[in-house]
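Beneath this line is the structure, given in structure tokens, with notes to follow.
None of the figures in this text is laboratory data; all of them are computed from the coordinates on show. Keep in mind it's a predicted model, so treat the numbers as computed, not measured. Quick reminder, even Gly has a Cβ in these numbers, built from the backbone with ideal geometry, and neighbours come from all protein chains shown.
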Ligand code: ADP
Ligand code: MG
């Protein structure tokens with residue numbers, strides 16, 4: 001399935017940035033010199049520059065000084081890697097180094113300035129130009145962008161920036177980030193847009209941009225899938241993945257004196273980088289069978305790139321000034337070790353998770369659907385033309401692509417024809433006088449429904465065609481402008497540059513070899529004319545070797561010192577963590593009941609996937625599995641019954657557990673305790689009194705004179721007083737009912753109506 005190749009080492013290059021304004025202003029001494037030809041970085045010790053301590057020399061695959069151009073770096077170092085990604089290899093570029101030494105400059109650079117653009121934008125151009133020049137190949141390019149900060153993964157392209165993603169592993173495809181967005185892009189502009197969105201999100205999440213970017217790892221992933229017809233006549237897909245990694249600043253986050261959250265933060269920030277260092281050491285060591293990839297998110301995610309099947313380039317960025325010398329040396333040692341890692345790159349051919357395959361399949365399915373639809377149409381048409389459907393069916397088998405095309409050509413005509421026909425029929429029905437009105441309406445409705453169906457069918461067809469077009473547009477094919485003259489020239493130019501880059505690389509390699517062999521072979525070739533000459537020569541040689549020995553000894557001492565420092569730091573960290581742990585123990589021992597502690601300890605388990613301690617749900621059953629399965633319904637029962645219910649059903653006489661076959665009885669109605677309402681019967685006297693009392697006051701007419709005499713009252717005031725009625729018009733007391741029941745009977749004809757002022761007389 002995959003073509004394996006010989007193993008090859010990780011390529012390590014070093015780039016030294018220019019002195020910045022501040023360093024120049026402060027007149028800092030430059031302690032780094034770069035020998036581009038030999039691929040060497042020479043670092044002097046600023047403390048005793050005058051002393052005899054020899055400078056430290058490190059040799060790398062290639063080195064770049066402060067005058068290096070972004071494009072030179074690209075052509076010499078990164079272009080071959082991106083080329084192999086286009087062939088289907090996995091490739092990774094790491095930028096490693098202290099904060100402020102040019103990692104982001106190397107990876108991204110200044111996007112707007114073509115001279116200062118970094119690897120990422122340059123690779124966009126490279127990839128899409130390659131595709132446009134390709135022939136008989138189909139490409140699919142997708143991009144993702146993520147950030148690892150404090151061992152948490154954030155998708156920089158996602159809408160929700162608070163969401164954290166998890167790493168997952170599948171035996172067939174390896175480690176991947178679950179739910180990471182991967183966006184299919186069709187052009188340089190689109191993929192640039194993706195990078196911009198991600199960069200914006202990177203700064204949005206940070207309280208202090210520089211702070212955050214120096215403490216987080218950003219990984220931009222470009223996946224290039226290519227489909228090509230193989231010699232076996234089958235389509236083969238190759239998938240190359242390019243990881244562009246801008247690592248966190250390599251300077252150690254100080255942990256001393258920090259506690260709790262701060263301590264944890266510093267530990268976590270250092271974790272990925274030290275895990276990377278440990279992986280490198282373990283790989284280089286060769287003796288250790290266990291490579292601690294699982295120790296951090298970064299190393300897990302980039303497992304392939306370190307000792308795996310990917311091609312890897314590490315760019316170590318350093319600063320030239322004297323005050324950075326410690327960090328510079330650490331960086332150089334770190335990357336010097338990485339040189340010895342061996343990878344076994346191989347082409348990923350026909351992997352299971354190729355998106356391109358899915359796309360091709362979906363397009364084929366959609367096309368088949370379209371074909372089926374147009375087939376139907378065609379049959380209908382044929383049927384119409386032939387007058388009956390017999391030969392229309394025969395056509396189904398004989399339909400070819402060509403016919404489909406031709407059909408596609410007059411697709412519009414077909415729809416128009418069909419619509420016009422329906423319209424004609426509708427008109428005919430409207431004008432047909434022989435039809436009954438009802439029948440007409442029915443037929444018209446039928447026609448309208450047909451028209452509606454026709455429209456819908458057309459819409460669905462158009463939608464399908466649109467989708468096919470959209471999906472096909474995402475699959476990139478080149479080869480159309482291959483004859484373009486300028487294109488050709490540019491291609492030649494690039495090829496030349498590449499050749500030159502390759503040439504310099506080889507020259508450097510040879511020079512490095514010559515240098516190392518020189519000392520060994522020189523002696524053999526030499527013939528001495530006298531003993532004295534030999535002595536002189538050998539003394540010189542001895543001195544040289546002695547100097548070398550001193551350098552190596554010094555290096556050993558330095559490394560030893562660095563190790564001691566690191567060990568001390570680790571011990572300190574361990575002490576602090578132990579102290580933290582003791583506090584927790586103290587709290588647990590004193591404040592948590594033993595029984596509770598035991599319960600919690602029993603329930604807690606470590607989830608390897610999420611890297612978290614979790615609690616098992618509380619269950620009464622010991623065996624989890626029992627709890628998970630629903631009680632299955634026993635044969636003959638309509639509902640699932642648990643074992644206990646079934647047993648209880650058999651043994652107990654009551655119906656508590658009887659889910660069915662329960663005896664059905666009518667409702668047992670209770671005896672009645674109420675009566676229906678009956679109107680009360682009232683005596684005529686009471687009725688009359690009531691009627692009188694309820695009469696509206698306007699209807700009441702009182703003969704005042706009669707009243708006067710009957711009550712024996714004289715004063716008009718008291719008269720009015722006694723006759724005063726409550727406003728409601730209803731008597732409040734029984735007293736009122738003693739007034740004449742029918743005042744009208746007392747008033748003779750012509751007698752004055754009771755005065756209007758009634759009720760308004762003041763008390
Ligand atoms: P890092 O990402 O390592 O923290 P940056 O890439 O942000 O560092 O670089 C810090 C500064 O140095 C930036 O202003 C950048 O433009 C400048 N710089 C770094 N390397 C170079 C270089 N090779 N040439 C010119 N300027 C550089
Ligand atoms: Mg940076």
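A Förster radius of 22 Å combined with the Cβ-Cβ distance from residue 135 to residue 498 puts the calculated FRET efficiency at roughly 0.65. Taken along the Cα-to-beta-carbon direction at a fixed 7 Å, the label points for residue 671 and residue 29 span 11.9 nm. The calculated FRET efficiency for the pair residue 430 and residue 170, based on their C-beta separation and a Förster distance of 45 Å, comes to about 0.10. A crude spin-label estimate for the pair residue 528 and residue 20, with each label 7 Å from Cα along the Cβ direction, gives 5.6 nm.
Among 306-317, 583-594, 214-225, 114-125, how do they line up by average Cβ neighbours within 10 Å per residue, starting with the highest?
306-317, 214-225, 114-125, 583-594
Sorted fewest first by neighbouring Cβ atoms within 10 angstrom, 677, 637 come out as 677, 637.
Stretched out straight at 0.36 nm per residue, the stretch from residue 290 to residue 652 would grow longer than its current Cα-Cα span by 124.0 nm.
What full-extension length gain, to one decimal in nm, is calculated for residue 364 and residue 42 as 0.36 nm per residue of separation minus the Cα-Cα distance?
On the way: separation 322, 0.36 × 322 = 115.92 nm, distance 6.01 nm.
Stretched fully, the residue 364-residue 42 segment lengthens by 109.9 nm.
Over all directions, the projected convex hull of the C-alpha atoms in the stretch 29-175 averages 14.0 nm² in area. Shown for the stretch 104-166 is the translational diffusion coefficient from the Stokes-Einstein equation, using the Kirkwood radius over Cα pairs, a temperature of 20 °C and a viscosity of 1.002 mPa s: 150 µm²/s. Could you tell me which of rounded, prolate or oblate describes the stretch 499-617, using a ≥ b ≥ c as the square roots of the eigenvalues of the alpha-carbon gyration tensor, with rounded for a/c under 1.5 and, failing that, prolate when a/b is larger than b/c and oblate otherwise? Note, shape of the stretch 499-617 comes out prolate. Ordered by the number of other Cβ atoms lying within 10 Å of each residue's own Cβ, fewest first, 367, 241, 597 fall into the sequence 597, 367, 241.
So for the stretch 1-127, averaging the separation of alpha carbon pairs under 8 Å that are six or more residues apart and normalising by length, what relative contact order in percent results? All intermediate terms of the calculation are to be shown ahead of the outcome.
Working: 135 pairs, mean separation 26.3, N = 127.
Reported as a whole number, the value is 21 percent.
Taking 7 Å steps out from each Cα toward its Cβ at residue 439 and residue 116 produces label points 8.7 nm apart. Taking other C-beta atoms within 10 Å as the exposure proxy, 77, 504 rank 504, 77 from fewest upward. Estimated at 0.36 nm per residue, the fully extended path between residue 612 and residue 452 surpasses their Cα-Cα distance by 51.8 nm.
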